[in-house]
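Take a look at the structure below.
Throughout, read-outs are computed from the coordinates displayed, never taken from laboratory work. Note that this is a predicted model, so its numbers are computed, not measured. A quick note on method: Cβ atoms are made from the backbone with ideal geometry, for glycine too, and the neighbour counts reach across all protein chains shown.
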Amino acid sequence: MSNVIHSKAIAFGLLRALGIIFGVFVLLWFLWEIQSVLAYIGIAAVLSLIGRPIVIFLRDKLKFHNTLSVIITLLFQFAVIVGAILLIIPVITEQSDNLSQIDLIELEANIEVLNEQISDYFGIERVNILERLQKTDYYQDFNMDLIPQFVNGFFGTLGSFAIGLFSILFIAFFLLKDSRLLLEGILVFSKKGTEGQFLRAFTKIKQLLSRYFIGLVLQVTI
């Protein structure tokens with residue numbers, strides 16, 4: 001009788017272990033499928049931590065309505081993001097103009113001169129670099145259709161970026177409007193009876209993270 005009970009206990013333990021392993025794999029698969037959503041929530045949480053002092057200042061000091069304070073804060077953050085992008089675009093445009101002004105004939109002549117100098121210096125047979133380049137698989141397999149594909153991919157990425165940005169701002173709006181949303185979501189992981197300690201620790205961590213991210217943004221801006 002004891003052997004039967006022992007066998008049932010072993011079988012139950014094996015089934016439980018298999019169930020736990022299966023549940024872990026399902027959880028990991030689910031997290032992998034929603035990784036973009038988790039990234040949006042994480043970035044929105046950072047934006048809410050950065051914008052929280054601004055919301056508090058507008059709401060408590062200037063007596064703005066909470067919703068209006070949140071909207072002004074998000075508009076300010078959006079303006080900062082757009083300003084950073086506008087700072088980068090002229091650099092990219094300038095480099096594109098520089099590349100378009102390259103004289104290919106002069107470049108080819110300079111490569112030939114450099115090739116002759118290298119061959120004379122090392123006393124080796126002169127090699128035509130351009131001819132060797134044209135014989136490579138990369139050159140022969142190059143397809144002009146890659147250019148429009150690259151352009152389409154670029155604009156597709158730009159569209160995805162715009163959708164992601166507005167999704168992040170949308171989530172950040174609710175996190176800023178009701179700061180307890182994030183807190184209530186994290187309180188689920190606290191033990192019963194320790195909610196007060198967890199709340200105080202989370203509030204302190206939130207304040208420290210808010211100061212850290214604001215300082216980091218100021219440092220990067222400078």
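Backbone geometry of the range 81-86 corresponds, through the Karplus equation with coefficients 6.51, -1.76 and 1.60 at θ = phi - 60°, to 3J(HN,Hα) couplings of 5, 5, x, 5, 5, 5 Hz, x marking Gly and Pro. The H on the amide N of Phe64, modeled in the peptide plane, is under 5 Å from the matching H of Arg59, each at least 5 residues off or on a different chain.
Rounded to the nearest 0.05, what FRET efficiency is calculated for Phe25 and Phe78 with R0 set to 41 Å and r the Cβ-Cβ distance? Show your work: numbers first, answer last.
On the way: r = 39 Å, r/R0 = 0.96.
Between Phe25 and Phe78 the formula returns 0.55.
Full extension of the chain segment joining Gln117 with Ile85 gains 7.1 nm, where the gain is 0.36 nm per residue of separation less the Cα-Cα distance. Its residue count N sets the reference 2.2 N^0.38 Å, and the alpha-carbon radius of gyration of the range 35-101 equals 1.60 times that reference.
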